[in-house]
Amino acid sequence: MSSKVTIALLGVALMVLFSCSSSRRGASGESGADQPSAFTYETLGAKISLSAGNMNLNATLRMKKDSFLFISVQPFAGIEVARIFVSDKDVTLIDRMNKRYSQFGIREIPDYGELLGVDKLQAMLSGQIFLLGNGVTRLSDSSVSKIASLLLFQYSNPKSRFSQEFTTDEHYRVNNATLSSVHGTLRWEYSQYEALETGYMFPMKVNLSMSKASTSEGFSSSHTRQEITLYYKRIELNKEYSFSNPIPKGYEKVPVEELLSVLNYNR
């Protein structure tokens, strides 16, 4: 996957993003596998910690449903070193230490740009099943297999050459999921569920791993590109957040590859 895919799906969770998790949802439709009820919220704010290799970071996450996703990286108390801001159109990366930024459209992301959106990335972080696809896609568009007490949902989009899998329990609480294409695989796993004030069961630990496809001597293979673990420390729902222009005045615009290399995310 390219740097743009990595940072968008990470920070989209620094990672971003974002799908899956946990709530006692009911399915409807004749197939018994229609779209489960969504996680209802207007805004979500959380203190989080991120672990990647030898790097551990504290951050603040804020989301407005279907509108924006914001991550402020603060490795030391009160010191912000980077920001990630994702709207329904753009991804903005800000290097606070060197007063620089990069910005690119979500549609510029190779292979997934036409299908991704801030709503899908929020779903990845907030614990909802989502399907990528042109037009309306529902869980009933996927094939379903039962393995012991688990359900395996599989969905593919031949036009975009990708596939998705979700392994859930009978209440649609997702244990793990993958998004695969000829370019690589994104896999996420959830654990440590806790009930929010609304009763929604939320995964307080998210493990995200990304691998990039490679070819060696005519054979296709893959290697792990990056693995990130996200821990939620505290979650608040429906607080007021206001963001206009996320780019501070006087910051220099630079290519995304240059900024990612400085922030040590382009690995």
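The values are calculated or read from the model by the stated rules, or taken from the named source; none is laboratory data. Values in this document were obtained by computation on a predicted structure and should not be read as measured data. Neighbour counts run over all protein chains shown; Cβ positions are idealised from the backbone, glycine included. Ligands, DNA and RNA are stripped out before the accessible areas are found, and what is left, the full protein with its side chains, is counted by its heavy atoms. Shrake-Rupley method; radii C 1.70, N 1.55, O 1.52, S 1.80 Å.
In region 38-56, how many are of a type outside the set (D, E, K, R), assigned to a strand (DSSP E or B) and under 17 Å from the mean Cα position of the chain (by Cα)?
To start, the set of residues in region 38-56 that are of a type outside the set (D, E, K, R) comprises 38-41, 43-46, 48-56.
Now narrow it down to the ones that are assigned to a strand (DSSP E or B): 43-46, 48-52, 55-56.
This time we only want the ones that are under 17 Å from the mean Cα position of the chain (by Cα), so: 43-46, 48-52.
Of the residues in that region, 9 qualify.
Touching a Ser or Thr at 6+ places or on another chain (Cβ under 8 Å) and either at pLDDT 85 or above or closer than 30 Å to Tyr251 by Cβ (or both), is that true of Gln192? Walk me through how you get there before you give the answer.
Details: touching a Ser or Thr at 6+ places or on another chain (Cβ under 8 Å): no; either at pLDDT 85 or above or closer than 30 Å to Tyr251 by Cβ (or both): yes.
Against the criterion (touching a Ser or Thr at 6+ places or on another chain (Cβ under 8 Å) and either at pLDDT 85 or above or closer than 30 Å to Tyr251 by Cβ (or both)), Gln192 does not qualify.
Restricting region 136-153 to residues that are within 18 Å of Arg187 (Cβ to Cβ) and either among the hydrophobic types (A, V, I, L, M, F, W, C) or modelled with pLDDT of 90 or more (or both), which is farthest from the chain's Cα centre (by Cα)?
Only one residue fits best here, namely Ile147.
Restricted to region 157-173, and to residues that are open to solvent by 20 Å² or more (accessible area, probe 1.4 Å) and in a strand (DSSP E or B), which residue is farthest from Ser191 (Cα to Cα)?
Checking each candidate, the answer is Ser163.
How many residues does region 192-214 contain that are under 19 Å from Glu236 (Cα atoms), outside any loop (DSSP other than H, G, I, E, B) and either of a type in the set (Gly, Ala, Ser) or touching a Pro at 6+ places or on another chain (Cβ under 8 Å) (or both)? Before you say what the answer is, go through the steps one by one.
The initial filter retains those residues of region 192-214 that are under 19 Å from Glu236 (Cα atoms), namely 192-206.
Next, from what is left, pick out any that are outside any loop (DSSP other than H, G, I, E, B): 192-195, 201-206.
Filter once more, so that each one left must be either of a type in the set (Gly, Ala, Ser) or touching a Pro at 6+ places or on another chain (Cβ under 8 Å) (or both): 192-193, 195.
Final tally of qualifying residues: 3.
What about Ile94, is it under 18 Å from Glu257 (Cα atoms), at pLDDT below 85 and buried (at least 18 other Cβ atoms within 10 Å of the Cβ)?
no
On the phi < 0 side of the Ramachandran plot, open to solvent by 60 Å² or more (accessible area, probe 1.4 Å) and at pLDDT below 90: which single residue out of Thr215, Thr185 fits that description?
Numbers: Thr185 fails: open to solvent by 60 Å² or more (accessible area, probe 1.4 Å).
Every option except Thr215 fails the conditions.
When only residues in region 223-243 that are assigned to a strand (DSSP E or B) and at pLDDT below 80 count, which is farthest from Lys65 (Cα to Cα)? Walk me through it before giving the result.
Taking region 223-243 and keeping what is assigned to a strand (DSSP E or B), we get 223-237.
Adding the requirement that they be at pLDDT below 80 leaves 223-226.
Working: His223: 34, Thr224: 31, Arg225: 30, Gln226: 27 Å.
The qualifying residue farthest from Lys65 (Cα to Cα) is His223.
Looking at Leu115, is it under 22 Å from the mean Cα position of the chain (by Cα), within 18 Å of Tyr172 (Cα to Cα), crowded, with 16+ Cβ neighbours inside 10 Å and at pLDDT below 85?
no
Any idea which residue in region 46-64 is farthest from Leu230 (Cα to Cα), counting only those that are open to solvent by 70 Å² or more (accessible area, probe 1.4 Å) and modelled with pLDDT of 85 or more?
The selected residue is Lys64.
Of all residues in region 97-110, which are part of a helix (DSSP H, G or I), surrounded by fewer than 17 Cβ atoms within 10 Å (Cβ to Cβ) and either touching a Gly at 6+ places or on another chain (Cβ under 7 Å) or basic (Lys, Arg) (or both)?
Arg107
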